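A quick write-up on the structure given underneath.
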Amino acid sequence: MAEDLRRLLRGIEVFGGEIPAFDPSTAPPAPEELFTEWLLHALDAGVREPHAMTLSTAGADGNPTARVLILKNVDAEGWQFASDSGGVKGRDLAERPYAALTFYWPQLARQVRVRGPVVPAGTAASRVDFLARGIGARAESLLGRQSEPLTDLAERDAAVAQSLTRVEQDPGLVPEGWQLLTVRAESVEFWQGDKGRRHTRLTYLPEPDGSWRRQLLWP
């Protein structure tokens, strides 16, 4: 079975579609500009959920944890996501306020990696973010029990139903621990795959004056 799976995995085609060209010499001066270009290109190309990203954190013990979240915004300040401070990622970030983000758009053979410290956006911005979520997402978040052991799915369904009633009765409810967070990039890497394995890697690194230095990397 293991050998069959190994052969199956090695036989899966990669870079099967039409791969876009990428000339790093024409890249804009700031990484958020190039990221926006790539994100919009992915959306136009029909990539599903191009704003989905892998968030990697580590707590005081140094053990990494990763999960997929949705990007809330990106601008000159950084890349934004939201989390409840009581969950695993919230606790990790309280102990070690650094994170890595990974975006992957396989249809375009493109990957973006962001690393840096994580800072809270503040109570007002966090409240606005939470209230912009769908009613079901708000009801689930108000439970405040993320990653806790669950006895059975019926218990979950009953708790969500009760929470949904609370939201319908008081649509302004916001959990105390809800946070909008910003990754302030210390490095941003853009990876463009190539069918001939001549992959292009361009990284942005911050300069003391607030500008960005662009550096090519070996694949």
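The values are calculated or read from the model by the stated rules, or taken from the named source; none is laboratory data. Being a predicted model, the structure only gives us computed values, none of them experimental. All Cβ positions, even for glycine, are placed from backbone atoms using ideal geometry, and neighbour counts span all protein chains on display. Quick note on the areas: whole protein, heavy atoms, side chains included, nothing else; ligands and nucleic acids left out. Shrake-Rupley method; radii C 1.70, N 1.55, O 1.52, S 1.80 Å.
Which residue, of Phe35, Phe22, Phe15, is over 30 Å from Ser211 (Cα atoms) and either in contact with a strand residue (DSSP E or B) (Cβ under 8 Å, 6 or more places away or on another chain) or at pLDDT below 95 (or both)?
Only one candidate qualifies: Phe15.
Out of Gly193, Gly177, report the one residue that is in contact with an Asp or Glu (Cβ under 6 Å, 6 or more places away or on another chain) and either surrounded by 11 or more Cβ atoms within 10 Å (Cβ to Cβ) or modelled with pLDDT of 95 or more (or both). Walk me through how you get there before you give the answer.
On the way: Gly193 fails: in contact with an Asp or Glu (Cβ under 6 Å, 6 or more places away or on another chain).
Residue meeting the stated conditions: Gly177.
Going through Ala99, Ala139, Ala121 one at a time, which residue ends up being crowded, with 18+ Cβ neighbours inside 10 Å and within 25 Å of Leu202 (Cβ to Cβ)?
Just one listed residue meets the conditions, Ala99.
What are the residue pairs meeting all of these: first residue in the stretch 9-26, first residue closer than 14 Å to Ala45 by Cβ and touching a residue at least 12 places away in the same chain (Cβ under 8 Å), second residue open to solvent by 80 Å² or more (accessible area, probe 1.4 Å) and not in a helix (DSSP H, G or I), Cβ atoms under 7 Å, and 6 or more apart or on different chains?
That search, which allows pairs on different chains as well, returns Ile19/Lys195.
Would a scan of the stretch 105-114 turn up a residue that is touching a helix residue (DSSP H, G or I) at 6+ places or on another chain (Cβ under 6 Å), among the polar types (S, T, N, Q) and either in contact (Cβ under 8 Å) with a residue 24 or more places away in the chain or closer than 23 Å to Glu95 by Cβ (or both)?
no
Can you tell me which residue within the stretch 196-219, out of those that are free of Cβ contacts under 8 Å to residues at least 40 places away in the same chain and under 23 Å from Gly16 (Cβ atoms), is most open to solvent (accessible area, probe 1.4 Å)?
Per the criteria, the residue is Arg198.
Just for helices (runs of 4 or more DSSP H) wholly inside the stretch 1-95: which have at least 1 residues that are under 20 Å from Ser187 (Cβ atoms) and open to solvent by 30 Å² or more (accessible area, probe 1.4 Å)?
Those helices (runs of 4 or more DSSP H) span 31-44.
Give the residues of the stretch 64-78 that are touching a residue at least 60 places away in the same chain (Cβ under 8 Å) and small (Gly, Ala, Ser), sorted by residue number. Before the answer, list the steps.
If we filter the stretch 64-78 for residues that are touching a residue at least 60 places away in the same chain (Cβ under 8 Å), which is where we start, we get 72, 77-78.
Hit for the stretch 64-78 is Gly78, nothing else.
Which of the residues belonging to the stretch 46-71 are at pLDDT 95 or above and of a type in the set (A, V, I, L, M)?
Residues satisfying the conditions are Val47, Ala52, Met53, Leu55, Ala58, Ala66, Val68, Leu69, Ile70, Leu71.
For the stretch 38-67, which residues satisfy the criterion of being in contact with a strand residue (DSSP E or B) (Cβ under 7 Å, 6 or more places away or on another chain) and over 24 Å from Asp194 (Cα atoms)? Outline the logic, then answer.
First pass over the stretch 38-67, keeping only residues in contact with a strand residue (DSSP E or B) (Cβ under 7 Å, 6 or more places away or on another chain): 38, 42, 47, 50-58, 64-67.
Those that are in contact with a strand residue (DSSP E or B) (Cβ under 7 Å, 6 or more places away or on another chain) and over 24 Å from Asp194 (Cα atoms): Leu55, Ser56, Thr57, Ala58, Pro64, Thr65, Ala66, Arg67.
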